[in-house]
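Here the structure is laid out as C-alpha cells; the discussion comes afterwards.
The values are calculated or read from the model by the stated rules, or taken from the named source; none is laboratory data. Just so it is clear, the structure is predicted and the values come from calculations on it, not from any experiment. All Cβ positions, glycine included, derive from the backbone under ideal geometry; neighbour counts span all protein chains shown. In case anyone asks, the SASA skips ligands and DNA or RNA and just uses the protein heavy atoms, side chains included. Shrake-Rupley method; radii C 1.70, N 1.55, O 1.52, S 1.80 Å.
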Amino acid sequence: MRKKIAIWALVLAVTLALTACAGGRGGSSGSDGAGSGGGGSQGSQKKVEIEFYYPVAVGGPIQKIIDQMASDFMAENENIVVKPIYAGSYQDTMTKVTTAVQGGNPPDLAVLLSTELYTLLEMDAVEELTNLFPQDYWNDFYEGFMGNTKSGDQIWSVPFQRSTIVLYYNKDKFREAGLDPEKPPATWQELVEYGKKLTKGDQWGLEIPSTGYQYWMLQAMALQSGGNIMSGDGKKVFFTEPHVEEALQFYVDLGMTHQIMPKGILEWATVPSDFISGKTAMMYHTTGNLTRVKNEAQFDFGVAFLPANKQYGSPTGGGNIYLFKGIPEENRQAALKFIEFLTQPERAAQWSIDTGYVGTRKSAYETERLKKYVEEFPQAAVARDQLQYADSELSTYQNGLVTKILNDNIQAALHGNVTPKEALQKSQSEADRILAPYQ
C-alpha cells in the first residue's frame, strides 16, 4: 500500500512540474485569479506573449506612445502580453527582422516601410491578410494608402504610420519678406520666387532633405511633372523618363542655380530642426513631424500641398503592420487582435493627433476628437487632403538595392559630380540589371 501511495505521489509531482513548465514560444503559465488558499482550487490560463518590432523615423515621443498603446491593449486583454521592441530606423528594423526570419525566429508583428512588400514576399516571410479582416474594414482605409499594401488583389499589410510629404512654411518670415502668409507657393515658379525673397543672411528660403529618403523627394517632383517612377508590380523602374529628369534637374537647380537652399546634402533629421530654429523659412518633410513642429515652433506656421509643376503630387510614405509566418497559432490570433486594436477609429485618431501621421481610416476623421482637433488646427488635414493627388511610393523587388542606387546617384547630382541625366541613366542601368530576373 505504501508503495502504491509513493508511486501516485511521484506521478502527481511530475504532472504538476510539467504543467508549470508548459507554454511554447512567447507563452507562459499564469494564474487566472480563480480559487484562493486553503481548500480552494488553483486555476491556470496560458498567457501569450507577442513581439512587436517598430521603428522611429520622426521627432517626438513615439516610444512612449507605442508603450502606452501596448499597455492599454493589455489592460483589455489580460491573457496577452505585448512586447514592443524599438528597432531603430526603418532600415535598422528591416535588417533586424530579416535576421530574425532567416534565423527561424520571426517576430509576430512588425512595422516596416510599406515599400518592403516585394522583398518580404520574396522571402515568403509574411502572411496574406485579405480574408483575415472583413471587407468593410479594408474599405475604410484611404485608397491612397492601399497601393503599397497590395500585390494584385491580395492584401499583405495594414496601413499604420502613413504620410505624404507636405510643405511647411514660416508665416512670420513670410510677413517679414512682404509675402502673404495665407498664400503659400502653389507652383514651382512661385516656390523659386518666394525662396529668393526669403533667402537672406544665414536664413535659407527652402530646405529639402537629401539623405535616407531623397528618392522620396525626387518622386514627389516626378509625380508633379507627369507620372511615377516605377511600375505597380515591382518589376520595372522609369528613371530615365523625361518627367523624372525634369524633376531631378529642378531638385539640383534649387541649390545650384536658384540658390534658395544649401548646395549638397541636407540631413533628414536636421531639416526639421533648421525649420523650428528659423534657419529655413520653408521645408519639404513628412507630415509625421507635424506634431513636433506644432509643439516646438515658437512662431506662426502653415502647412500646404507641395507646389505643382504640371499638377500636384506626392508619394505616400511611412510604415505598415506586417503579420509574420511561422509563429504559433495562439500568437497569430493575439497579433490579429492587436492589429485590430491599433487601427480602431478612435485610436487611429489619437495616433494622428499625437504624431502628425495621417489617420489611415476615413472613420478616424468622423470621431469627435479628430473633428475637434482639425477644426482647431486645420494644418492637421493637409496631408489627408493631398491624398487625392498621391500615388504609391517607390517599391520594387530587391527594393533596398534599387533604392540605394537611386539615392546615391541623386546625391552625386546634388553635389554636382554628375548631371541629372547621367545620374538617372546610371540608376536605370543598374536597376534594370537587378530586376532582370523578375521580368
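Observations
- The residues in the stretch 331-361 that are over 16 Å from the mean Cα position of the chain (by Cα) and acidic (Asp, Glu) can be counted, and the count is 2.
- Inside the stretch 385-408, residues that are in a helix (DSSP H, G or I) and either open to solvent by 70 Å² or more (accessible area, probe 1.4 Å) or closer than 14 Å to residue 165 by Cβ (or both) make up a count of 8.
- Verdict on residue 97 being in contact (Cβ under 8 Å) with a residue 24 or more places away in the chain, of a type in the set (Val, Ile, Thr) and outside any helix (DSSP H, G or I): no
- Flag for residue 427 being of a type in the set (S, T, N, Q), touching a residue at least 40 places away in the same chain (Cβ under 8 Å) and not in a helix (DSSP H, G or I): no
- Residue satisfying condition, being closer than 23 Å to residue 74 by Cα, of a type in the set (A, V, I, L, M, F, W, C) and out of contact with any Lys or Arg (no Cβ under 7 Å at 6 or more places or on another chain), within set 308, 334, 269, 349: 334
- Qualifying residue in the stretch 22-44 (condition: modelled with pLDDT of 50 or more and surrounded by 10 or more Cβ atoms within 10 Å (Cβ to Cβ)): yes
- Residue list for the stretch 50-69, filter: in a strand (DSSP E or B), open to solvent by less than 20 Å² (accessible area, probe 1.4 Å) and either more than 21 Å from residue 212 (Cβ to Cβ) or in contact with an Asp or Glu (Cβ under 9 Å, 6 or more places away or on another chain) (or both): 50, 52
- Pairs are defined by a Cβ separation below 7 Å, a sequence spacing of at least 6 or placement on different chains, a first member in the stretch 261-279 that is within 20 Å of residue 174 (Cβ to Cβ), and a second member that is among the hydroxyl-bearing types (Ser, Thr, Tyr) and buried (at least 19 other Cβ atoms within 10 Å of the Cβ); the pairs so defined are 274/280; 275/168.
- Scanning the stretch 70-110 for residues that are open to solvent by less than 60 Å² (accessible area, probe 1.4 Å) and acidic (Asp, Glu) yields 72, 108.
- Filter result (of a type in the set (Val, Ile, Thr) and within 21 Å of residue 308 (Cβ to Cβ)) within the stretch 196-251: 208, 229, 244
- Residue 116 being acidic (Asp, Glu) and touching a Gly at 6+ places or on another chain (Cβ under 9 Å): yes
- Between 288, 264, the distinction of being modelled with pLDDT under 95 and over 20 Å from residue 111 (Cα atoms) belongs to 264 only.
- Unmet requirement for residue 174, which otherwise passes all of (1) part of a loop (DSSP other than H, G, I, E, B); (2) open to solvent by less than 30 Å² (accessible area, probe 1.4 Å); (3) within 24 Å of residue 276 (Cα to Cα): (1)
- Any hit, the stretch 155-170, residues being surrounded by fewer than 16 Cβ atoms within 10 Å (Cβ to Cβ), at negative phi and not small (Gly, Ala, Ser): no
- Helices (runs of 4 or more DSSP H) enclosed by the stretch 183-296 - at least 3 residues per element that are open to solvent by 30 Å² or more (accessible area, probe 1.4 Å) and farther than 22 Å from residue 391 by Cβ: 188-198, 270-277, 290-296
Quick grid of which residues meet (1) in contact with a helix residue (DSSP H, G or I) (Cβ under 6 Å, 6 or more places away or on another chain); (2) open to solvent by less than 10 Å² (accessible area, probe 1.4 Å); (3) of a type in the set (Ser, Thr, Tyr); (4) part of a strand (DSSP E or B):
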residue	(1), (2), (3), (4)
312	yes, no, yes, no
337	no, no, no, no
374	yes, no, no, no
383	yes, yes, no, no
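- Scanning the stretch 70-91 for residues that are under 17 Å from the mean Cα position of the chain (by Cα), in a helix (DSSP H, G or I) and at pLDDT 95 or above yields a total of 0.
- Test: residue in the stretch 136-156 that is without any contact (Cβ under 8 Å) to a residue 40 or more places away in the chain, among the polar types (S, T, N, Q) and more than 29 Å from residue 293 (Cα to Cα): yes
- Residue list for the stretch 354-372, filter: farther than 30 Å from residue 228 by Cα and either in contact (Cβ under 8 Å) with a residue 12 or more places away in the chain or open to solvent by less than 30 Å² (accessible area, probe 1.4 Å) (or both): 354, 366, 367, 369, 370
- Checklist (1) more than 30 Å from residue 233 (Cβ to Cβ); (2) assigned to a strand (DSSP E or B); (3) modelled with pLDDT of 95 or more applied to residue 47, failing item: (3)
- Selection status of residue 117, open to solvent by less than 40 Å² (accessible area, probe 1.4 Å), outside any strand (DSSP E or B) and touching a residue at least 60 places away in the same chain (Cβ under 8 Å): yes
- Considering only residues in the stretch 319-335 that are assigned to a helix (DSSP H, G or I) and among the polar types (S, T, N, Q), the one that is most open to solvent (accessible area, probe 1.4 Å) turns out to be 333.
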